[in-house]
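The values are calculated or read from the model by the stated rules, or taken from the named source; none is laboratory data. Predicted model, so just to flag it, every value in this text is computed and none were measured. Here the Cβ is made from the backbone with ideal geometry for all residues, glycine too, and neighbour counts use every protein chain on show.
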Amino acid sequence: MCYLRSCIVKAGGTGRATQMGKTGEETGADGSMVSIADYYAGKNVLITGATGFMGKVLVEKLLRSCPEVQTLYLLVRPKAGQSMHERVSDMMKCKLFDRVREDNPDFHQKIVPISSELTQPALAISPEDVERLTSCVNIIFHCAATIRFDEPLKHALQLNVMATQQLLNLAQQMHHLQAFIHISTAYANCNRRHIDEIIYPPPVEPKKLIDSLEWMEDSIVRDITPRLIGDRPNTYTYTKALAECVVQRESSKLSIGIIRPSIVGASWQEPFPGWIDNFNGPSGVFIAAGKGILRTMRANNDAVADLIPVDVVINLTLAAGWYTAVHRPKAALVYNCTTGGINPFHWGEIEHHVMSSFKRNPLEQAFRRPNANITSNYLMNQYWILVSHKFPALIYDLYLRLSGQKPQMMRIFNRLHKAIGLLEYFSSQDWEWNSENMNMLMSHLSPEDRKTFNFDVRQLNWPEYIENYCIGTKKYVLNEDMSDIPAAKQHLRKLRNIRYTFNTLLLVFIWRVFIARSQMARNIWYFVVSLCFKFLSYFRASSTLTN
Ligand SMILES: CCCCCCCC/C=C\CCCCCCCC(=O)SCCNC(=O)CCNC(=O)[C@H](O)C(C)(C)COP(=O)(O)OP(=O)(O)OC[C@H]1O[C@@H](n2cnc3c(N)ncnc32)[C@H](O)[C@@H]1OP(=O)(O)O
Ligand SMILES: NC(=O)C1=CN([C@@H]2O[C@H](COP(=O)(O)OP(=O)(O)OC[C@H]3O[C@@H](n4cnc5c(N)ncnc54)[C@H](OP(=O)(O)O)[C@@H]3O)[C@@H](O)[C@H]2O)C=CC1
């Protein structure tokens, strides 16, 4: 991590290294503010994290709604045996880009991948590429991050904090840079209940932490991590808070905007409703519930579920890029991008709508009928984990073993428990975010831009959104076909019949055991049977009389 320390020292030591590019294009010929699409026309944009969930949506929206944009430079690394070019070309083939492809089949010509590994010295960008970027980039969107909650602290620090610092260093060498937009998270300060659009003092001086961790063995870092992160739940929120501080320190040299989305979910409207491509956050929980695997989770029914659709976040991000470049605010502007204070929806309501949506549009080959319940009671949750997760998993694994297959259900449940254990912190409490800057930004948009770059979540209809979200997980995450819904419904009916049969057999068994042992149980049984007989004979007699 030696080079990382040097880059932070370097950044702190340099004077005003960058002359923020002047364009003279901020206002139209008549003195009015340029529209967002007009602003991006002819601009060169640098994007990190473009292969990720939000990065892809950002690239798509820029190409579709700002068709005159000059070039998108994407910092990408080779991964899983695929070269950077193969990765970008695969990305552009994905369904998300269908609308752009229709409008402009040659859109790929605007995309230039740049090889970069963000955890390496100088971001591992070649000198030629550095030259190219510093001479032409006008705006940077920094989306790359590790969003894993269980990331070892050193790695989270390298990617979320140090890579951000290195990118800021690069930004300062850019001759025509007008805005640097950093994607943070609304939970960077989740140790507070009320969160304003300001950058709070960091939990620790980032440079000091880097210096101290540099010489430490990974095992020691692991041991002291809980002490370091203190009242934050994971290394992710901790390092994102440090990153904000690092970004803010450059705000005298660069025009900076910081976007803080809450829990980013499937798209609301654009490019089509329900687009989602991963298991992160609530998506994995929805899928596990839809497959009938997840039956119980700790969450507060009445706590606000601060989900925000990905297209809303991206529209706000592009608008913030425009505003930052045009207005050049003196201090970094923070935009809390949340729904809770504007159009609240609660975890209890989410549970209800997710369940009813998966009943209407079931997933294929469900393990059990979808029926998940959330509870804030720890003991209750543990009870249901035992009865509804572990017991069925044991039985199913026994069945797999007996039929000569490898048992797998217990392993799946263990992973599920680990994942939901990490999410429960966020579903068991609520936060209040101030969103004045989001409102301020909206008030600066022309009516046309407000439509094209819509981030007005007051219009969001939650039940409809959740329905499209669930369908999106089915279609785009699990690649299931909607035409298979009748078969999936048939499968659910089969599962219901199996359950009824199993329950009946269990009841008869328990009763038989009970009856064999107790005279009182036998008496009750005869009494109930004779009552039924009497009722039946009365019913038959009265129906004969009426006829
Ligand atoms: C009825 C409903 C009721 C609702 C109740 C409430 C629900 C919601 C609750 C609360 C949501 C709150 C969320 C707060 C958010 C904060 C906001 C942000 O700022 S950041 C974003 C958040 N970040 C994360 O969500 C990362 C969380 N994930 C992780 O940290 C790790 O993934 C973890 C620890 C959960 C699991 O790690 P591993 O190493 O065990 O597993 P791995 O490799 O990540 O994935 C597991 C399996 O999933 C597949 N998988 C993962 N992503 C995939 C993809 N995109 N496509 C296909 N498969 C994928 C993988 O291939 C793997 O499957 P194979 O075992 O290999 O078969
Ligand atoms: N998803 C959410 O709910 C929320 C996300 N955010 C923030 O939004 C941003 C984007 O999140 P999201 O799109 O969901 O995350 P993803 O995990 O989907 O994407 C992360 C991106 O970062 C890139 N990346 C990671 N490590 C490196 C590396 N070493 N070198 C180069 N690139 C790297 C990934 O590239 P590769 O494909 O090569 O791995 C990928 O493109 C993050 O900053 C996150 O903190 C904020 C709030 C909520």
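Remarks
- Selection from segment 243-299 of residues that are more than 26 Å from Ile140 (Cβ to Cβ) and either in a strand (DSSP E or B) or among the basic types (Lys, Arg) (or both): Lys291, Arg295, Thr296, Met297, Arg298
- Residue check for Tyr383: modelled with pLDDT under 95, surrounded by fewer than 20 Cβ atoms within 10 Å (Cβ to Cβ) and in a helix (DSSP H, G or I): no
- For segment 392-408, the count of residues that are on the phi < 0 side of the Ramachandran plot, modelled with pLDDT under 95, within 13 Å of ligand 1 (Cβ to nearest atom) and not assigned by TED's automatic domain parsing to the domain that holds Tyr39 is nonzero.
- Tally of residues being in a helix (DSSP H, G or I) and of a type outside the set (A, V, I, L, M, F, W, C) across segment 300-353: 12
- Exactly one residue out of Ile139, Ile195 is buried (at least 24 other Cβ atoms within 10 Å of the Cβ), under 25 Å from the mean Cα position of the chain (by Cα) and assigned by TED's automatic domain parsing to the domain that holds Ser65: that is Ile139.
- Failed condition for Gln365, given (1) of a type in the set (S, T, N, Q); (2) within 14 Å of ligand 1 (Cβ to nearest atom); (3) farther than 30 Å from Glu244 by Cα: (2)
- Count - residues of segment 243-257 that are among the hydroxyl-bearing types (Ser, Thr, Tyr) and within 16 Å of ligand 1 (Cβ to nearest atom): 0
- Members of segment 213-242 that are small (Gly, Ala, Ser) and away from ligand 1 (no atom under 16 Å from the Cβ): Ser219, Gly230
- Taking the numbered list (1) within 30 Å of Phe367 (Cα to Cα); (2) in contact with a Ser or Thr (Cβ under 7 Å, 6 or more places away or on another chain); (3) among the charged types (D, E, K, R) in turn, Lys489 passes all entries but (2).
- For beta carbons closer than 7 Å, sequence separation of 6+ or different chains, a first residue in segment 148-162 that is within 15 Å of Val204 (Cα to Cα) and a second that is of a type in the set (Ser, Thr, Tyr) and more than 14 Å from ligand 1 (Cβ to nearest atom), the qualifying pairs are Leu153/Thr225.
- Some residue of segment 102-123 being within 13 Å of ligand 2 (Cβ to nearest atom), of a type in the set (Ser, Thr, Tyr) and farther than 30 Å from Leu242 by Cβ: no
- Of the residues screened, Ile420 is one that is in contact with a strand residue (DSSP E or B) (Cβ under 6 Å, 6 or more places away or on another chain) and buried (at least 18 other Cβ atoms within 10 Å of the Cβ).
- Enumeration of residues in segment 274-293 that are over 13 Å from Leu422 (Cβ atoms), within 11 Å of ligand 2 (Cβ to nearest atom) and among the hydrophobic types (A, V, I, L, M, F, W, C): Ile276
- Condition broken by Cys143, with the remaining ones in (1) within 16 Å of ligand 1 (Cβ to nearest atom); (2) touching an Asp or Glu at 6+ places or on another chain (Cβ under 9 Å) satisfied: (2)
- Long-range neighbours under 6 Å by Cβ, at least six apart or interchain, first residue closer than 16 Å to Pro78 by Cα within segment 41-52, second in a loop (DSSP other than H, G, I, E, B) and within 16 Å of ligand 1 (Cβ to nearest atom): Thr48/Cys143; Thr48/Ala144; Gly49/Cys143; Gly49/Ala144
- Within segment 45-79, the set of residues being part of a loop (DSSP other than H, G, I, E, B) and either within 9 Å of ligand 2 (Cβ to nearest atom) or closer than 19 Å to Asp311 by Cβ (or both) comprises Gly49, Ala50, Thr51, Gly52, Cys66, Pro67, Arg77, Pro78.
- Segment 124-143 - residue that is outside any helix (DSSP H, G or I) and out of contact with any Gly (no Cβ under 8 Å at 6 or more places or on another chain) and, of those, nearest to ligand 2 (Cβ to nearest atom): Ile125
- In summary, helices (runs of 4 or more DSSP H) completely within segment 435-547 and bearing 2 or more residues that are loosely packed, with under 12 Cβ neighbours inside 10 Å and β-branched (Val, Ile, Thr) occur at 485-517, 519-546.
- When residues of segment 164-190 are limited to those that are within 16 Å of ligand 2 (Cβ to nearest atom) and in a loop (DSSP other than H, G, I, E, B), the one nearest to Glu117 (Cα to Cα): Ser184
- Subset of segment 82-123 [within 16 Å of ligand 1 (Cβ to nearest atom) and not in a helix (DSSP H, G or I)]: Gln82, Cys94
- Residues satisfying the stated conditions in segment 247-264, i.e. crowded, with 23+ Cβ neighbours inside 10 Å and either within 14 Å of ligand 2 (Cβ to nearest atom) or β-branched (Val, Ile, Thr) (or both): Val247, Ile256, Gly257, Ile258, Ile259, Arg260, Pro261, Ser262, Val264
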